[in-house]
There are 2 protein chains.
Amino acid sequence: MNDGTVSNFTNLRAGAAGTLLLSRSDVERLLTPDACMAAVEEAFRQHALGKAPPPGILSLHAKDGGFHIKAAILTLDRPYFAAKTNANFPQNGPRHGLPTIQGVVVLCDAVTGQPLAVMDSMSITALRTAAATAAAAKYLARTDSRAALISGCGDQAPAQLRALLGVRCPARIYAYDQDAEKALMFAAALGAETGLPITTVSDLARAVAESDIVITCTTARGYFITREMVQPGTFVAGVGADNENKQELDPALLAASKLVTDLTEQCAVIGDLHHALAAGAMTRSGVHAELGEIVAGLKPARTTEEETIIFDSTGTALQDVAAAAAVYGRAVEGGERTAFSFNA
Amino acid sequence: MNDGTVSNFTNLRAGAAGTLLLSRSDVERLLTPDACMAAVEEAFRQHALGKAPPPGILSLHAKDGGFHIKAAILTLDRPYFAAKTNANFPQNGPRHGLPTIQGVVVLCDAVTGQPLAVMDSMSITALRTAAATAAAAKYLARTDSRAALISGCGDQAPAQLRALLGVRCPARIYAYDQDAEKALMFAAALGAETGLPITTVSDLARAVAESDIVITCTTARGYFITREMVQPGTFVAGVGADNENKQELDPALLAASKLVTDLTEQCAVIGDLHHALAAGAMTRSGVHAELGEIVAGLKPARTTEEETIIFDSTGTALQDVAAAAAVYGRAVEGGERTAFSFNA
């Protein structure tokens, strides 16, 4: 820091000006999975009740990737606005030794427009995505679920497992990845963290059959969880598919199950639902509910122990603003004071 | 700052990780009007030559205002992406003692997606808007312009005058505002800064008639510069109108003049052109050129001393990314080191 700029750093007091700066580790330290889930549930509830204005998306394509902006307004303890800019450059790892996804979330007060915080977007994305899975599992997975499978042990996997453990208590966790090394590292790290035995598996079909909860968080471009693998009563969360080329779940599985989406319109374009529709396996009227309708009590959640329920998760800016606002609230409560006065 | 977060501040070295943080005063100190104009000219030139991908806009409405995101990609010394989030809350002053417009620009490398800098958006907006006026004046105002009028002495006015003085040398400057106090303050401050005599005026029509260059930067919602006021040979830059309700220039003035837009499509929706079209005073085919076409030499600039030329300025994200990249370049050259590692 030099003399010219250091004065713009503020030791934030209550009500003082300045925009909080929060890194990935700050976000992960401040936002518990439970608090994130509560905020995300509220976002879905408001969406279902027509209380949240529709979120917006803006994408620009670069030569080797793209920039994706998701923005929304949501009223929690007060009205918030958040705009998340995610850069997605798939060749970053091999070419530049950088993460595929990088970015920041700008959180503003939606009464005055003041920029409240700028924070890492990757941690927000992982936490809010996992929070949606956990909220779905809370309403849609059997309460006596004893085994859970995490399929895909990349960046999303730890947050998915942590959030799930807030709503269900499986005694056995299975971890699967095409890259066995990744599954081993995940099992070791999360086993140590949670104190639960995590077993890596190579026989995916068998692991699916033995699991009451299946979470897929991969970058697959073709389905690998088939209808035949899944036993009655299972809850399956398809988390990976978030563009029109990605797919994890068999169209026949979606057609044969009770299907809940995060946003049906969006899932019909970029989710696993998109592929089930394209394959002619089902129509949009075959969707049971959006998650918000379940949370708000407008549509029934699980009604029998035998029904297989799928959650098609594609992600919305409403989750981002919910998670970012929750982080901000914790940061202010906890006295975080690393801030920068952009308008100084 | 507490122990948990202070470690995320980086003393940036060449190539080191971290996102530069730049406040309003940093931006104003680092980015000279000339450097900004060169970058903005290049942005318009690339737009005219079809080398810049189309910029994007996303707006969300809040109860007392709105959030406007403008994003674009532009290749200068390297490819850059910028997303500007501006909160616009017109009641902020009286209600909360806050500026009407607040926000930040997120600048990224468009090869890897890395967030290079987060900076104040108000200073970027003022500088890039003034740079477009100056670029237009460079090609469209008479070289012997001796008097210039700044009409509207708000936040935009100082940057407009500073940028203009980089391309023309008027011996007399007039300042007009509905609020005479504002004009006096502007005249005193900019007079001291530039060493030029700045005269406040209350007779707008007379000041317009005596000026070779007229810049309007107000929030007017009806035109106040009429065709009758403007002498042949004048260059008029209409800078204030940037939404469909704002208007500064008489439709008859536009119809009778050589009209240059920043982006014709956009001016036809939110610029003074919009009102001239709506009034039936002219058609779109009456637009002489976009600024980029003039800069790139695809269309003629001023060809006679007598022609009156209007520049209709509405603002584009291409200007934002040009200005933000220019600031960033200066900051890196100058050894600015105030940075935050969001992904730490």
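The values are calculated or read from the model by the stated rules, or taken from the named source; none is laboratory data. Given the structure is predicted, the values throughout are model-derived calculations rather than measurements. Note that each Cβ is placed from the backbone with ideal geometry, even for glycine, and that neighbours are counted across all protein chains shown. Protein only, heavy atoms only, side chains kept; ligands, DNA and RNA dropped before computing areas. Shrake-Rupley method; radii C 1.70, N 1.55, O 1.52, S 1.80 Å.
Just a few scattered comments:
- In this structure, A:Arg330 does not qualify as at pLDDT below 95 and either buried (at least 24 other Cβ atoms within 10 Å of the Cβ) or basic (Lys, Arg) (or both).
- Within segment A:289-314, the set of residues being in contact with a strand residue (DSSP E or B) (Cβ under 9 Å, 6 or more places away or on another chain) and open to solvent by 40 Å² or more (accessible area, probe 1.4 Å) comprises A:Glu293, A:Leu298, A:Lys299, A:Pro300, A:Arg302, A:Thr303.
- All strands (runs of 3 or more DSSP E) inside segment B:242-299 with 2 or more residues being among the aliphatic types (A, V, I, L, M) and closer than 22 Å to B:Val214 by Cβ: B:258-261, B:287-290
- Filter result (in contact with a helix residue (DSSP H, G or I) (Cβ under 9 Å, 6 or more places away or on another chain) and within 13 Å of chain A (Cβ to nearest Cβ)) within segment B:328-339: B:Arg330, B:Ala331, B:Gly334, B:Glu336, B:Arg337, B:Thr338
- Criterion (out of contact with any His (no Cβ under 7 Å at 6 or more places or on another chain), open to solvent by 20 Å² or more (accessible area, probe 1.4 Å) and assigned to a strand (DSSP E or B)) met by exactly one of A:His68, A:His47: A:His68
- Candidate set: segment A:114-164, residues that are over 25 Å from A:Gly233 (Cβ atoms) and among the charged types (D, E, K, R); chosen: the one farthest from the other protein chains (Cβ to nearest Cβ): A:Arg128
- Single residue of segment A:20-42 satisfying the filter (open to solvent by less than 30 Å² (accessible area, probe 1.4 Å) and touching a Gly at 6+ places or on another chain (Cβ under 8 Å)) that is nearest to the other protein chains (Cβ to nearest Cβ): A:Asp26
- Number of the condition not met by A:Pro79 [criteria: (1) facing chain B (nearest Cβ under 7 Å); (2) at pLDDT below 95; (3) out of contact with any Phe, Trp or Tyr (no Cβ under 9 Å at 6 or more places or on another chain)]: (2)
- Any hit, segment B:216-225, residues being within 21 Å of B:Asp272 (Cα to Cα), hydrophobic (A, V, I, L, M, F, W, C) and touching a Phe, Trp or Tyr at 6+ places or on another chain (Cβ under 8 Å): no
- Per the listing A:Asp242, A:Asp250, A:Asp262, the residue uniquely at pLDDT 95 or above and out of contact with any Lys or Arg (no Cβ under 8 Å at 6 or more places or on another chain) is A:Asp262.
- Identity of the residue in segment A:137-194, more than 22 Å from A:Ser121 (Cβ to Cβ) and polar (S, T, N, Q), that ends up surrounded by the fewest Cβ atoms within 10 Å (Cβ to Cβ): A:Thr143
- Of everything in segment B:196-219 that is of a type in the set (Gly, Ala, Ser) and touching a residue at least 40 places away in the same chain (Cβ under 8 Å), the residue that is nearest to B:Lys182 (Cα to Cα) is B:Ala207.
- Among residues that are in contact (Cβ under 8 Å) with a residue 60 or more places away in the chain and within 14 Å of another protein chain (Cβ to nearest Cβ), B:Glu307 is not included.
- Any hit, segment A:308-317, residues being assigned to a helix (DSSP H, G or I) and closer than 26 Å to A:Val105 by Cα: yes
- Any hit, segment A:79-99, residues being open to solvent by 10 Å² or more (accessible area, probe 1.4 Å) and in contact with a His (Cβ under 7 Å, 6 or more places away or on another chain): yes
- Out of A:Ala322, A:Ala279, A:Ala256, A:Ala252, sole residue that is out of contact with any Ser or Thr (no Cβ under 8 Å at 6 or more places or on another chain), more than 14 Å from chain B (Cβ to nearest Cβ), open to solvent by 10 Å² or more (accessible area, probe 1.4 Å) and not basic (Lys, Arg): A:Ala279
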